[in-house]
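The values are calculated or read from the model by the stated rules, or taken from the named source; none is laboratory data. A quick note: this is a predicted structure, and the numbers were derived from the prediction, not measured. Cβ placement follows ideal geometry from the backbone for every residue including glycine, while neighbour counts extend to all protein chains displayed. We work out accessible area using only protein heavy atoms, side chains counted, and drop any ligands, DNA or RNA first. Shrake-Rupley method; radii C 1.70, N 1.55, O 1.52, S 1.80 Å.
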Amino acid sequence: MTNFIHLLENFWILKDKDRELYYELKNLDRDTRDFIREKLGYNLIINQNLVKMEKVPEVPEAWMGIKSFTDSMDYVLLCLLLAFLEDKTNDEQFLLSHVTEYLQINYPDGALDWTVYHTRKSLIRVLNFALDMGFIKIDDGDQDLFSENYNAEVLYENTGISRYFIRSFNGQITEYSTWEDILNSQWFFSDEDKGVVRRMRVYRSLFLDSVVYDDDLSVFEYIKRQRHTLQSDIEKYMEGELHIYKNAAFITVDDYRYKISFPEDKTLSDICLLICSIIYEKIQSGDMSLKADDTVFMDNDHFDEVLQICIDRYRELWSKEYRLKSFNLLRQEVIEYMSLNKLITSREAGMLVLPLALKFKGEYSEDVFVEDRENEQK
């Protein structure tokens, strides 16, 4: 795995958690540093505690959120916790009651009520995230007790790492009112540098997203014009291959080295691949019509029909979790997963199958069916 992939796959690399990798990345070669700065336009932070590539997406996606967070309150509390830690010195100790008092005073739109179980659980999720990220350490106590008793006490220690969590902005964040304002604030280039901005947007889209569609013609035309340069960089830094079609471009790799990719080595990913195959079958048979832009619209009834065909054919080959899952719950998970990977997008009356879905076909080998039949006979 190249050093760049480590930077791409991890939010940051902490010296305390992976000393060997930290020193390897601290001495990152000049070519990789130049690539990060000139092609991606990202800031590389290297200090005595961590190495971090500040990744900024071309377009925010749902998967970029914090997976353990379930409520908007979690994000508000996290921001307040970061502000609380900003005033602490490295290795300074503090109590959980100090945190709850600060949050209660500074929480917007009224005080927090720590007697409410939902509120306490939200803070527990935030504190667990802070521990996982290395913002804080527990010196004494059990913070999970706080979910049952709001008077529970825990002694923490500040590591100083939290100040590098949020990237630096070119202006006051209070001046921004939308996520578009935040993203656009990074582009302070003259008209002569528009080509630089376009190049960075292309590289960010390809390297961070599952697929680039031709919604933005300037980006897609750049990909087609610069395909050889892009392919060279993709081979060098991602050990992958660039695929360009009429209205879609994406990167493929040969193994499961990446944490987030499609397809994955799990049953839900297999199910979605099988669904892609069934959709392809229906297009070939004329049951579904392919549009000029290589998309297919399915109303909800047709989507349910495809899912039911998949269940009837392959359910017995799935893991127990998915064999026993209800139709509606499986439908929900499939739609979420396929939408996440830009295979489909929801419409008011159904689903629009996107071009990437028609580039994949999933099937089980005959050996799998034979093994299943043999297991049934035993």
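For helix 327-340, what angle does its Cα long axis make with the longest principal axis of the chain, in degrees from 0 to 90 and rounded to 10? The two axes meet at around 70 degrees.
Relative to its residue count, segment 1-121 spans a Cα convex hull of 156 Å³ per residue.
Computed over the Cα atoms of segment 1-63, the ratio of the radius of gyration to the Kirkwood radius (Rg/Rh) comes to 0.97.
Measuring spread by the Cα atoms of segment 34-103 yields a radius of gyration and Dmax of 16.4, 46 Å. Its Cα centre serving as origin, segment 38-136 has a Cβ charge dipole (Lys and Arg +1, Asp and Glu -1) of approximately 280 debye. Helix 72-86 and the longest principal axis of the Cα set of the chain meet at an angle near 40°. Per-residue ellipticity at 222 nm, computed for the chain from helices alone with -39500 (n - 2.57) per DSSP H run of at least four residues, works out to -13500 deg cm²/dmol.
Relative contact order of segment 169-328, taken over Cα pairs closer than 8 Å and 6 or more residues apart, is 13 percent. Shape call for segment 200-281 from the C-alpha gyration tensor, a ≥ b ≥ c root eigenvalues: rounded (a/c under 1.5), prolate (a/b greater than b/c) or oblate? Here segment 200-281 falls in the oblate category.
As a length-normalised measure over Cα pairs under 8 Å and 6 or more apart, the relative contact order of the chain settles at 12 percent. The apolar share of the surface of the chain, taken as the fraction of accessible area on carbon and sulfur atoms (1.4 Å probe, ligands and nucleic acids excluded), comes to 46 percent. Note on Asn151 and Phe297: their simple-model spin labels are 6.3 nm apart, each label 7 Å out from Cα toward Cβ. Taking amide H positions as modeled 1.01 Å from N, with prolines and chain starts lacking one, the residues under 5 Å from Ile344 and 5 or more places away or on another chain are Ser339, Leu354.
Rounded to the nearest 10 degrees, the angle from helix 267-285 to the longest Cα principal axis of the chain is 30 degrees. By definition, a body whose alpha carbon gyration tensor gives a ≥ b ≥ c is prolate when a/c is 1.5 or more and a/b is larger than b/c, and segment 271-358 fits this prolate description.
The charge dipole of the chain, taken about its Cα centre with unit charges on the Cβ atoms of Lys, Arg (+1), Asp and Glu (-1) only, comes to about 820 debye. With all protein chains kept in place, the per residue accessible area of the chain amounts to 54 square angstrom at a probe of 1.4 angstrom. What is the chain by shape, rounded, prolate or oblate, if you read a ≥ b ≥ c off the alpha carbon gyration tensor as root eigenvalues and call it rounded for a/c under 1.5, prolate for a/b larger than b/c, and oblate otherwise? It is oblate, given that a/c is not under 1.5 and a/b is not larger than b/c. Legend: distances between Cα atoms for Lys17/Lys39; Lys67/Lys121; Lys121/Lys320; Lys39/Lys246; Lys17/Lys52; pairs beyond 19 Å are Lys17/Lys39; Lys121/Lys320; Lys39/Lys246. Contact order, relative form, for segment 271-331: 31 percent (alpha carbon pairs under 8 Å, 6 or more residues apart, mean separation divided by residue count). Candidates Tyr107, Leu131, Pro60 compared by Cα position along the dipole of segment 53-148: farthest toward the positive end lies Pro60, with charges placed on Cβ.
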